[in-house]
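Bear in mind these aren't lab numbers, they're just calculated from the coordinates by the rules spelled out. All values derive from a computational prediction rather than experimental measurement. So basically every Cβ, Gly included, is an ideal-geometry build from the backbone, and we count neighbours across all protein chains shown.
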Amino acid sequence: MTVKLASLFAILCLAGSLAHAFAHLPTGADKNSNLPAPDYSHADAWLAQPGDSGNAEHTPAGVLPGESSQRDKVDVFFIHPTTYLAPTKGNARYDERGEVESRLQHGVLRFQASVFNGCCRIFAPHYRQASLAAITKSDAESVAATDLAYSDVARAFDYYIAHRNQGRPFIVASHSQGSTHAMRLLQEKILHTPLAQRMIAAYVIGSSLPQAIAQQGLPICQSESATGCVIDWNTVKAGHIDERRKQDAVIWWDGRYQTIAGRPIVCVNPLNWKANGSAEASANLGSIYSDGPEASIPEPLAHVTGASCDNDLLGVDIPFRDRRHFADALTIIGVYHDFDYNLFYMNIRQNVAVRIAHYMAEAHR
């Protein structure tokens, strides 16, 4: 055999070996079968729960968490967004370490879940989250990954209601992937059940929630004090149209996962809490940002941006001087998804207290 033929033969053999290896890589279902399920009776299955002194208890400079006596009356069930950024379809371990856990601890808990530490006991389950590659697609393998993630969230909620809630009113809150799961949780476990009477509101932020949810029995919040209703927004640069959010985002609707496919989606303005509303920057009570994962959160920046619901998306115009605080790969294309909570942090914090006060007043009439 000549050197050239021998080289060709070796290449063909290598190609055959690689083809065989790739053909026998585990499928999404096979990979997930090796992931242990969280046991919600154990503390390690919870990212945050009452009694923790973790990052959900952090507050910006000048802002104090609520006293336990005032927080004991209301719960928040918080479903975290995607921090497993793998480019392959599948799921993370519920107790995944490294960057996945770091993003949860230093990003999600400090800048999202902590907004509720002035009012409520916070319950945030770990779950086998779908990868970024899976949660954004609607093929069979991606849906399987999303379904597995939801199965954990649903079990966590069932455990929370059965063993930890003790009849308290509660808030459902979430972001991004967490809001996809919250959307299904609302439809399957809360709407048209006695739990709906105890739900103060659902903040399912950063999801493509169809406006038609109102026809399913869950009204869209129309004011700062409305209760038993749902809130959502998707932040973009003013005038930008996020086609993925309006066309390709995967939702749970009519009993299955499917794309939003142009359905009108909910936009409640967090500066005045009006559906399809607009508000000036003067209404923005404070935005928060990170100086690094280990740094304390600086004092909130007031009046960073106004906001306006336009074409079902929440448009913002951040001054040049502040853009360095609210910038990542998505903002380059005009999408402020990762800052849906940060930009309106103090407004959310105030609003939760307003809704709770209104709910309690109504409950005691």
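Before moving on, here are some points about what is shown:
- Residue check for Ser282: polar (S, T, N, Q), over 18 Å from Leu186 (Cα atoms) and buried (at least 16 other Cβ atoms within 10 Å of the Cβ): no
- Restricting the first member to the stretch 37-57 and to residues that are of a type outside the set (Asp, Glu), and the second to residues that are assigned to a loop (DSSP other than H, G, I, E, B) and surrounded by fewer than 21 Cβ atoms within 10 Å (Cβ to Cβ), the beta-carbon pairs closer than 7 Å and six or more apart or on different chains are Ala45/Asp39; Ala48/Gly54.
- Filtered by the rule that a residue be exposed (fewer than 15 other Cβ atoms within 10 Å of the Cβ), within 19 Å of Trp273 (Cα to Cα) and either polar (S, T, N, Q) or within 19 Å of the chain's Cα centre (by Cα) (or both), the stretch 287-310 gives no residues.
- Counting only strands (runs of 3 or more DSSP E) that fall entirely inside the stretch 219-275 and contain at least 3 residues that are more than 18 Å from the chain's Cα centre (by Cα), no element qualifies.
- Just so you know, in the stretch 41-63 the residues that are part of a helix (DSSP H, G or I) and among the small types (Gly, Ala, Ser) include one that is surrounded by the most Cβ atoms within 10 Å (Cβ to Cβ), and it is Ala56.
- Across the stretch 52-80, the number of residues qualifying as among the hydroxyl-bearing types (Ser, Thr, Tyr) and touching a helix residue (DSSP H, G or I) at 6+ places or on another chain (Cβ under 9 Å) comes to 1.
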